[in-house]
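Heads up: the structure comes next, in structure tokens.
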Amino acid sequence: MGQTCTVTSDTRRRALDVGVGAGGLATADMILNIGPQHPATHGVLRLRIVLDGERIVSADPVIGYMHRGAEKLFEVRDYRQIIVLANRHDWLSAFGNELGVVLAVEHMLGMEIPERATWARTLLAELNRVLSHLMFLGSYPLELGAITPMFYAFREREELQAVLEEASGGRMHYMFNRVGGLKEDLPAGWLGRVREAVTEVRRRLPDIESMLVGNPILRARTEGVGRLSPELVHAYGVSGPIARASGVDVDLRRDAPYLAYAELYAQGGPGRVVTRISGDSLARLEVLLEQVHVSLDLAEACLDRLGSLPQGPVNQRLPKVLKVPEGETYVATENPLGFNGYFLVSRGEKTPWRLKLRSASFSNVQVLREILPGCLVADMVSVLGSMFFVVGDVDK
Amino acid sequence: MTEPRKESRNPFSAARGLLSGMRTTARTMTRPAHTQQYPDERPSLPPRSRGVIALREENCTSCMLCARECPDWCIYIDSHKETIPAGPEGGRDRQRNVLDRFAIDFSLCMYCGICIEVCPFDALFWSPQFEYAEVDIRDLLHEKDRLGEWMATVPPPPALDERSADPAEVAAANRPARTAREPRAAREPGTVREPRAPRPPAAPEADG
């Protein structure tokens, strides 16, 4: 692991020796570019891979092809406009991204949000988590050559997207959070329809599960491949399902609870943290699969609670021009892919002075340079797909 | 760094996997398809669905709030002032804004809905209408005539959850009427209400 650099320099020297030929079977390492446009990369990630035959000697993720300067753009937008931009960096967990921004602003303002808004936000965040996980549960087998799970995953996604669209109007970029609560109240009968959707997804989840769990082809491609050690997890700041698949038992919903998670993750609550110990691609997939169940449990608990709360608003009245008092704060939330943090520095203006974004995929992708060396080219896809990243979240 | 694979696998487990896959296929085959035959079968979209932004031109006062608040400035407004001469019974001339151009560039629009939220005169609305794709990106700049046509497709807003807060008007109407403030002494039962005495310059206990 630590000798990656020396390997690379060795490579250069050897690459120059081609043709000089020290004997019959002298081979030169080959530099292979994977991407920027490659079906296995979910966007425009480029990997510079040095190959010795079929085996990867070193790998270098080259990022930045999708850099949009989100942090700089935040500085010239007011807090409502920031939500528009913030929900776009990880386009699979737009609700979670919005949530971090509004929680940071509410924290700075010392604003209390109504209880119904807290529970509705928790519900929507969990539904969004299921959506994101289902996306990867469909696309990862697709990268390994199995098309069918994609259709199953998308059928369940459709079910949940329909209810999210009914409440927020959007299927991906919800724009439903506002500082102080939600944009507008939930439509009549919506909670019932969410419950139906959750039940339906839960009922049909075994279809996709039976294709993934215990599938001999999938096992052969993922078991023991791309093993990530807990030390590397700590060294690179890897978080989310990938870290938990390596046995690092950390989940911000339980460890630094926000919204209603303190109650959901209390003793006897429906919340639990899913971990595995092997840290290979299969473990990462299994964590994702089990987290879907946990999230559906949490969503049902939120539905129960929303059905018994007293009548009340879901947002606060805001001033026409919202100014955040001088100061700074850091708010991190457990997004589907890992820690998503916002460091907000305000100088009392209506725009932030600085809004630093700590995105989950950025750290998760960096660790590829440690776990890819030693793998075969064919395993590269298996490892890359199991790191569960969104390139927009890497490049910001 | 990966250890060698266990290459030889039980052929029975592979066959079992194959069979279970085929069983799922067979089971699904008997169920109706989820596919909607789109142009023949219209999708039923919820009223909040963000398809396109419609403009009610009569309500627009060209106040420019939407154009200013738009995160990527994709709304273009031109207007001029017109003078309405004073009526026969006197008064003075009035000026009013006349909207010349209202255009939204849907190739830039991020569908956030901030323009609709900030509009103080209810001139902008979301419509679930989505069939306005163009071959050329430049044709996505839609002027006020086209935006006005979409007004016909705007659905009424959905009813809200029974636990939602009352609308502002209802809440205001239900609030108990404000009672006239009285001096604290007068509130005790049995005391006769007296006209309020002028307050001393520096009262230690100022009431009211």
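The values are calculated or read from the model by the stated rules, or taken from the named source; none is laboratory data. Bear in mind that the values here come from a model prediction, so they are computed numbers and not experimental data. Note: ideal-geometry Cβ built from the backbone for every residue, glycine included; neighbour counts use all protein chains shown. When the accessible area is computed, the model is the full protein with side chains, heavy atoms only, and any ligands, DNA or RNA have been set aside. Shrake-Rupley method; radii C 1.70, N 1.55, O 1.52, S 1.80 Å.
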Take the solvent-accessible surface of the protein heavy atoms, probe 1.4 Å, and return the percent of it on the protein assembly as shown that carbon and sulfur atoms account for.
55 percent
Across peptide A:205-216, how many C-beta atoms of other chains are within 10 Å of each residue C-beta, on average?
3
What do you reckon, how do A:ILE63, B:ILE114 stack up by accessible area (1.4 Å probe), largest on top?
A:ILE63, B:ILE114
In units of 2.2 N^0.38 Å, the Cα radius of gyration of region A:275-388 is 1.54
Ordering B:TRP73, A:TRP91 from largest to smallest accessible area (1.4 angstrom probe), what's the sequence?
B:TRP73, A:TRP91
Starting from the Cα gyration tensor of region A:149-295, take the square roots of the eigenvalues, sort them a ≥ b ≥ c, and report rounded, prolate or oblate (rounded when a/c is under 1.5, otherwise prolate if a/b is larger than b/c, else oblate).
oblate
On a 1.4 Å probe surface of the protein chains, which of B:MET64, A:MET150 comes out largest in accessible area, and what is the full order?
B:MET64, A:MET150
Rg/Rh (Cα only; Kirkwood hydrodynamic radius) as it applies to the protein assembly as shown
1.06
Where a Cα-Cα gap under 23 Å defines reach, which lysines qualify for A:LYS350, not counting those fewer than 8 residues away within the same chain?
A:LYS72, A:LYS183, A:LYS320, A:LYS323, A:LYS396
Give me the summed buried accessible area for the A-B pair, 1.4 Å probe, to the nearest 100 Å².
3600 Å²
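Per residue of A:371-383, what is the mean number of Cβ atoms on other protein chains within 10 angstrom of that residue's Cβ?
The per-residue average across the peptide is 1.
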Choice from A:ARG80, A:ARG203, A:ARG284 showing the highest fluctuation, given a GNM over chain A with Cα pairs closer than 10 Å
A:ARG203
Shielding score for A:181-187, defined as the mean number of other chain Cβ atoms within 10 Å
4
